[in-house]
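Only one structure is covered here, and it is reproduced in the block below.
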Amino acid sequence: MKTILDATSGSVLGIVGLFLVLLLNDKACDAGITSKYVRRLQASIDLPLDSPHFSIPPGHNAPEQVHITQGDYEGRAIVVSWITPSPSRSKVVYGITIGKYDHEATGSVTRYTFFNYTSGYIHHTTLNDLEFDTTYHYKLGNGTSAREFSFTTPPKVGPDVPYTFGIIGDLGQTYDSLNTFQHYLSSKGKTLLFVGDLSYADNYPFDYNVRWDTWGRLVEPSTAYQPWIWTAGNHEIEFRPDIGETVPFKPYAHRYHVPYLASNSTSHLWYAIKRASVHIIVLSSYSAYGKYTPQWVWLQTELAKVDRTVTPWLIVLVHSPLYNSNVYHYMEGETFRVQFESWFVKYKVDIIFSGHVHAYERSHRISNVAYNIVNTNCTPILDDRAPVYVTIGDGGNIEGIAGNFTEPQPAYSAFREASFGHAILDIKSRTHALFYWHRNQDGNSAVGDSYLLLNRFYSA
Ligand SMILES: [Fe+2]
């Protein structure tokens, strides 16, 4: 515990006892908790198109839907993306002093059509060779339409680099989504790990892509200022042969660029980045992952590249959960689990975040890799080498809460609750991290579930 006490503020000291209790519970694999919290039942309704949260910035051809993501393998590049209604240059001016933009970069522009929708001009520009741990200010557009934002690069990749991530999944654009988003805005998250299902535009007839634009405006107050690390979900597929749209992930691919080439991936749907003390691997539930497929080959190579003495923390993001005891989407991730769980155990992945199921659930450290068809060892067991699995598809989208858990609660499930919310992963040192889940009904300082994460490389 000395490491935690050294690394954390006084406010954390008061909850150390709670974490000790949680840790003991984890070791003993006591019966899990199904939270008795009763969420007020109400429909999740999308914000109206004329919501002020969707307002278009003033001025001729003003940049909108601004979002940034990490642009390289180690955190010295940022991809800046935005949309303009009319053609314009994909130019970003930037510098370390507000108003003094002594650097500039120019990227590329793209557009797409989807059935009877035509997108605006989508710009993607990469800012390279940034200094670590530095705040940059940047400006898009010209004259009275120009807009200015800022971001802070992460510290240099290394084993002793504290960093704070937020985690959101299945956000959508309802009143509940807004609640989740505003809670996250007031958190101390520096980078958001998004586990898939962004806009839910495909919930409308003909995948009404105007709802991609409104979503881009909704989240801009965060996405323009800190990287969101993107994972594709099923609502990004938008495979609609019935209306002539046969290219999967078309709107998502045009709007949200990721640095997949930097990790030698051949697809934007799976890739990896290093950030601070973490190696983050993003996978695709909706791409081939059988043996010898491109994703399988890439993951095998990437896992072997992870150096825990440099990045002690290893996190996987994948949309469909491998362990989940909700009735909804039950066992959809099972074939993915069968394919990759043994690797996640072998490489001691610390935690796997998923979405898809619109509720919150955290597992004990368990594995189910002993079964070989002829033996009967097909029940998950406590396994100190194994990841914690967190399902956090509770962003608040239009499909509503997934309120039906299977009963009884399986032994592998540590805590589950059917409420909307977000999570924070607060990495304190190479050995310790604090994980918090916040339900929307509470103030941001209230913790709905918490867990002391002990690094697998150093602890298992
Ligand atoms: Fe989903």
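The values are calculated or read from the model by the stated rules, or taken from the named source; none is laboratory data. All values derive from a computational prediction rather than experimental measurement. Using ideal geometry, Cβ is built from the backbone for each residue, glycine included, and neighbour counts are taken over all protein chains shown. Heads up: the accessible areas ignore ligands, DNA and RNA and are worked out on the full protein's heavy atoms, side chains in. Shrake-Rupley method; radii C 1.70, N 1.55, O 1.52, S 1.80 Å.
When you check HIS358 against the structure, is it part of a loop (DSSP other than H, G, I, E, B), within 14 Å of the ligand (Cβ to nearest atom) and either among the hydrophobic types (A, V, I, L, M, F, W, C) or open to solvent by less than 30 Å² (accessible area, probe 1.4 Å) (or both), yes or no?
yes
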Please go through segment 367-400 and pick out each residue that is touching a residue at least 40 places away in the same chain (Cβ under 8 Å), out of contact with any Pro (no Cβ under 8 Å at 6 or more places or on another chain) and surrounded by fewer than 24 Cβ atoms within 10 Å (Cβ to Cβ). LEU382, ASP384, ARG385, VAL388, ILE398, GLU399, GLY400
Expected single match for in contact with a Pro (Cβ under 6 Å, 6 or more places away or on another chain), more than 16 Å from the ligand (Cβ to nearest atom) and of a type outside the set (D, E, K, R) among ALA288, ALA224, ALA276 is ALA276
Pull out all pairs, ordered by first then second residue, where Cβ-Cβ is under 9 Å, the residues are six or more apart or on different chains, the first lies in segment 177-200 and is under 18 Å from THR214 (Cα atoms) and of a type in the set (Val, Ile, Thr), and the second is more than 16 Å from the ligand (Cβ to nearest atom) and part of a loop (DSSP other than H, G, I, E, B). THR180/ASN440
Being part of a loop (DSSP other than H, G, I, E, B), open to solvent by less than 10 Å² (accessible area, probe 1.4 Å) and more than 16 Å from the ligand (Cβ to nearest atom) is the filter here; which residues of segment 343-355 pass it? VAL349, ASP350
Against the condition within 16 Å of the ligand (Cβ to nearest atom), at pLDDT 95 or above, in a loop (DSSP other than H, G, I, E, B) and open to solvent by 50 Å² or more (accessible area, probe 1.4 Å), how does TYR330 come out, does it pass? no
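This table checks each residue for (1) within 16 Å of the ligand (Cβ to nearest atom); (2) out of contact with any His (no Cβ under 9 Å at 6 or more places or on another chain); (3) at positive phi.
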{"site": "TYR163", "(1), (2), (3)": "no, yes, no"}
{"site": "LEU178", "(1), (2), (3)": "no, no, no"}
{"site": "ASP202", "(1), (2), (3)": "yes, no, no"}
{"site": "GLY244", "(1), (2), (3)": "no, yes, yes"}
Do we find a residue being farther than 20 Å from PHE165 by Cα, at pLDDT 95 or above and of a type in the set (Asp, Glu) anywhere in segment 243-259? yes
So which residues in segment 229-242 are away from the ligand (no atom under 16 Å from the Cβ) and either more than 17 Å from the chain's Cα centre (by Cα) or under 19 Å from ARG211 (Cα atoms) (or both), if there are any at all? ARG240, PRO241, ASP242
Those residues that are touching a helix residue (DSSP H, G or I) at 6+ places or on another chain (Cβ under 8 Å) and buried (at least 17 other Cβ atoms within 10 Å of the Cβ), I need them from segment 238-266; list them, please. GLU238, ARG240, GLU245, PHE249, PRO251, TYR252, ARG255, SER263, SER265
Would you please list the contacts, defined by Cβ atoms under 8 Å and residues six or more apart or on different chains, that run from a residue in segment 327-343 that is touching a residue at least 24 places away in the same chain (Cβ under 8 Å) and over 18 Å from ASN234 (Cβ atoms) to a residue that is assigned to a helix (DSSP H, G or I) and open to solvent by 40 Å² or more (accessible area, probe 1.4 Å)? TRP343/GLN300
Taking the condition of being touching a residue at least 24 places away in the same chain (Cβ under 8 Å) and either out of contact with any Ser or Thr (no Cβ under 9 Å at 6 or more places or on another chain) or of a type in the set (S, T, N, Q) (or both), how many residues in segment 225-244 meet it? 7
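Among the hydroxyl-bearing types (Ser, Thr, Tyr) and surrounded by 23 or more Cβ atoms within 10 Å (Cβ to Cβ), is that true of THR293? Can you show your working first?
Values: among the hydroxyl-bearing types (Ser, Thr, Tyr): yes; surrounded by 23 or more Cβ atoms within 10 Å (Cβ to Cβ): no.
When the stated conditions are applied, THR293 does not pass them.
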With (1) at pLDDT 95 or above; (2) within 16 Å of the ligand (Cβ to nearest atom); (3) surrounded by fewer than 22 Cβ atoms within 10 Å (Cβ to Cβ) as the list, and LEU303 as the residue in question, which single condition is left unmet? (2)
